[in-house]
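Input: a single structure, listed below in structure tokens.
The values are calculated or read from the model by the stated rules, or taken from the named source; none is laboratory data. No experiment lies behind these values; they were computed from the predicted model shown. Virtual Cβ from ideal backbone geometry, glycine too; neighbours counted across all protein chains shown.
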Amino acid sequence: MPTVTRNRPARWVIQELQANFAKASRAGELTAQTEPRAARAVYQSAKKSLVIDLTSGATITIPVKLIPELRRATPRGIRAVEVLGRGGGLHWERLDLDLSVPGLIASVLRRSTS
């Protein structure tokens, strides 16, 4: 069996990786503080609306008719919404759909002001 020799990365490579990781961590923390994040999302079938509780304490109710990706979905499919990760996205397994929370809110607000 051949022997595999692993060389340790050069010091500058390790330093570069550590600097990039620190920079990405700071950017992620800033984004978490400035972009809307979902704490919870539920579908209210009586109102045909998606209700998103944000980590800021605000609640946004969006009629499904304003979300093109959900217009043809069944109530059962919409009801199965899940919050992704730290709240940056919403996921519907049955619909094979992921939506960004900041993108969703921005697109609905753009439509309502057009």
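Structure values in brief
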quantity: Selection count, segment 49-85, where residues are surrounded by 13 or more Cβ atoms within 10 Å (Cβ to Cβ), in a loop (DSSP other than H, G, I, E, B) and not aliphatic (A, V, I, L, M); calculated: 1
quantity: Whichever residue in segment 8-48 is of a type in the set (D, E, K, R) and over 22 Å from the mean Cα position of the chain (by Cα) and, among such residues, is nearest to Thr74 (Cα to Cα); calculated: Lys47
quantity: Residues that are more than 15 Å from Leu109 (Cβ to Cβ) and touching a residue at least 12 places away in the same chain (Cβ under 8 Å), drawn from segment 45-61; calculated: Ser45, Lys47, Lys48, Ser49, Asp53, Thr55, Ser56
quantity: Residue tally, condition farther than 16 Å from Gly85 by Cα, at pLDDT below 85 and of a type outside the set (Lys, Arg), over segment 10-29; calculated: 1
quantity: Among residues of segment 89-102, those that are more than 15 Å from Val51 (Cα to Cα) and either in a loop (DSSP other than H, G, I, E, B) or under 9 Å from the mean Cα position of the chain (by Cα) (or both), counted; calculated: 5
